[in-house]
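No lab work stands behind these numbers, since they all come straight from the coordinates. Everything numeric here is computed off the predicted structure, so don't read it as measured data. Don't worry about glycine lacking a Cβ; one is built from the backbone with ideal geometry, like all the others, and counts go over all protein chains shown.
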Amino acid sequence: YVAAVYEHESILSPNPAALVDRQSALELMGRNLDIYEQQVVAAARQGAQIVVFPEDGIHGFNFTRNSIYPYLDFVPHSQSVKWNPCREPYLFNDTEVLQRLSCMALKNKIFLVANLGTKQPCEQTDPHCPSDGRYQFNTNVAFNDDGMLVATYRKHNLYFEYAFDTPPEPDYQTFDTPFAGKFGMFTCFDILFFEPAVNLIRQYNLKQVVYPTAWMNQLPLLSAVEFQQAFATAFNVNILAANIHHPTLGMTGSGIYTPVKSFTYHNMESYGGKLIVAEIPVITSNYKTDLEKTPGSASETGNEQLPPLFYAEMMYDNFTFVPVWGEKGELQVCANTLCCYLNYQRAVLSDELYALGVFDGLHTVHGTYYVQACALVKCGGLSFSTCGQEVTDATALIGFQLWGNMSTPYIFPLLLTSGITLDFADHMGWKNNHYFISKNRTSSGLLTAALYGRWYEKD
C-alpha cells in the first residue's frame with residue numbers, strides 16, 4: 001500500500017501561556033490546518049491511501065491547563081457513536097478542528113490520522129475527575145476515506161504535559177482499512193512503555209502502526225529515526241511515524257518503516273515541513289530474524305592485556321565502558337546481571353575513539369523506566385570522558401557482532417551511521433539466551449550499534 005507521513009513545522013502561539021478566546025485559538029489552528037490541507041492533496045495525488053500528521057502539530061505546545069482550553073475540541077470517546085464530522089457538523093459543539101480534518105479525508109478519499117487536544121466533561125462522582133470538572137486529553141483521531149471518525153486514542157504516557165490528563169485506563173485503539181487490514185495507534189513517549197503500545201500490538205497481533213510524535217532527539221540511543229526503526233524491527237511491524245519539525249528544539253525525524261527497509265527524513269539544518277510518500281508491503285506473516293550466523297564466545301587466553309574499564313554518563317545514565325582500540329578484537333563489559341560482548345574489525349583505521357558500554361538499571365531523568373543496554377558508540381573526542389556525548393558524524397567503517405545476556409525479551413536493535421542515517425543489520429536474534437546483532441561492515445561511519453532492552457516489569 002502507499003502511505004504518507006508529514007513532518008510539520010507548526011505555526012506556534014507566540015505566548016502559549018496567555019489566555020485567549022476560542023476564536024483566536026481557531027484562527028491559529030486554522031493556519032496549521034491550511035498547511036495540512038495542502039499536504040493531504042499532495043499525498044492523495046501521489047497515490048497515498050493513508051496520511052499521518054504529528055503530535056501537537058495543530059495547536060503547538062507549552063500550554064498551561066487553562067491556556068490550552070480554547071484550543072480543545074469535543075470528541076465523543078464512545079465507540080458506539082458513529083459520526084462523520086464533515087457531513088454532520090451540527091451533532092456536537094466545539095468540533096471545528098475535527099470537521100476540517102474529516103472533510104480533508106472525505107474530499108481526498110484518503111484515511112487520515114492527526115493529533116489534537118480534546119475535552120470531555122466529567123462528573124464529580126468520578127474519582128478521577130479533575131477539580132475543574134473536565135478531562136483534557138492529548139488525542140489522536142483517525143478518519144476513513146469517507147470522513148467517518150473511526151478511532152480516537154488518548155495519550156497514556158505524558159511527557160511533561162501539564163495541560164493534559166492521563167486517561168483512567170489505557171486506550172487500545174485500532175481501525176480497519178481495506179488496503180492493509182488493521183492499524184493500531186499510540187503517541188510519542190508511549191513507544192517506550194508496555195502500556196499501551198506493546199500490549200496493543202501483542203493483543204491484536206498488529207502489523208501496522210500509526211505514530212504521531214513530537215520527539216526531541218537524544219543521541220546516541222534515542223534519536224527519533226533510530227528508535228522508530230528499532231521498534232519496527234523489534235516487533236516486526238510497519239510504522240508510519242510523523243514528527244514535528246523544530247530544529248531549534250531538537251525536533252525532527254519522521255519516516256515510513258518496515259522491519260527491513262525505511263524511508264526517513266532527519267534534517268536539523270533547514271526549516272519547513274516535509275512530506276514522505278512510500279509504497280510498502282503489507283506484513284502478513286511473522287518475519288523471522290536470521291539465526292544462522294552465531295556469535296563465538298569471547299576467548300579467554302588470560303595473558304592478553306585487558307583494556308581499562310571506565311565510567312561515563314550517557315543518556316543521563318552511568319555506563320560502564322571499555323575502549324575499542326586497534327583494528328580488531330574481542331571485548332566484554334558487565335554491570336549488574338548484564339554482560340555485553342563485542343567482536344569487531346575496522347575496515348578503515350581512523351583516529352576516532354569508540355567504546356563498548358553497558359547499563360543495567362533504572363533510568364530516572366525525564367521519565368522513569370528500566371533499561372538494559374549494550375552499546376558500541378563513537379565518543380565525542382579522544383578522551384574517555386567524551387564517550388556518551390552526542391555525535392553526528394563518523395568515518396570508521398566497522399564490522400561487528402554485538403551480543404548480551406539480556407533478561408528481557410524486548411530488545412530494540414539500534415544501528416545509526418554518519419549524518420543520522422540508518423543501516424540494517426545482517427543478522428539478529430536470540431541464540432543461547434543471548435540476543436545478538438551482527439553486521440559485516442557498516443555502509444558509512446558508525447555512530448551507534450546497540451541493543452536497547454526494556455525490562456518493563458522493573459519500571
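Tilt of helix 224-235 relative to the longest C-alpha principal axis of the chain, in degrees (0 to 90, nearest 10)? Result, in degrees: 80.
For the chain, take the longest principal axis of its alpha carbons; what is the angle in degrees between that and the long axis of helix 96-108, to the nearest 10 within 0 to 90? Compared with the principal axis, the helix lies near 80 degrees. Length available on full extension from Cys122 to Tyr456: 0.36 nm per residue minus the Cα-Cα distance, which gives 117.1 nm. In summary, the aspartates and glutamates within cross-link reach of Lys119, defined as a Cα separation below 14 angstrom excluding same-chain residues under 8 places away, comprise Asp73, Asp94, Glu96, Asp132, Asp165.
For the chain, give me the percentage of DSSP beta bridges that are antiparallel, rounded to the nearest 5 percent. Walk me through the intermediate numbers first.
Working: 96 of 113 bridges.
Roughly 85 percent of the DSSP beta bridges within the chain come out antiparallel.
Cβ distances below 4.7 Å define possible disulfide partners, and in the chain the cysteines left without one are Cys188. Per-peptide packing, taken as the mean over residues of other Cβ atoms within 10 Å, places 191-198, 101-108 in the sequence 101-108, 191-198 from highest down.
In this simple spin-label approximation, Tyr311 and Leu91 carry label points 7 Å from Cα along the Cα→Cβ vector, and these lie 5.9 nm apart.
In the range 236-282, inverting the average of 1/r over every pair of distinct C-alpha atoms gives 11.4 Å as the Kirkwood radius. Ignoring lysines fewer than eight residues from Lys261 along the same chain, the ones with Cα atoms less than 20 angstrom from its Cα are Lys207, Lys274, Lys288, Lys439.
Between Ser80 and Val282, what's the calculated FRET efficiency when r is the beta-carbon distance and R0 is 41 Å? Round to 0.05.
Numbers: r = 29 Å, r/R0 = 0.72.
Between Ser80 and Val282 the formula returns 0.90.
Across the chain, the convex hull enclosing all Cα atoms gives 144 Å³ per residue.
All alpha carbon pair distances within the range 302-459 were sorted into 5 Å bins beginning at 0; the resulting P(r) in whole percents reads 2, 10, 20, 24, 22, 15, 6, 2, 0.
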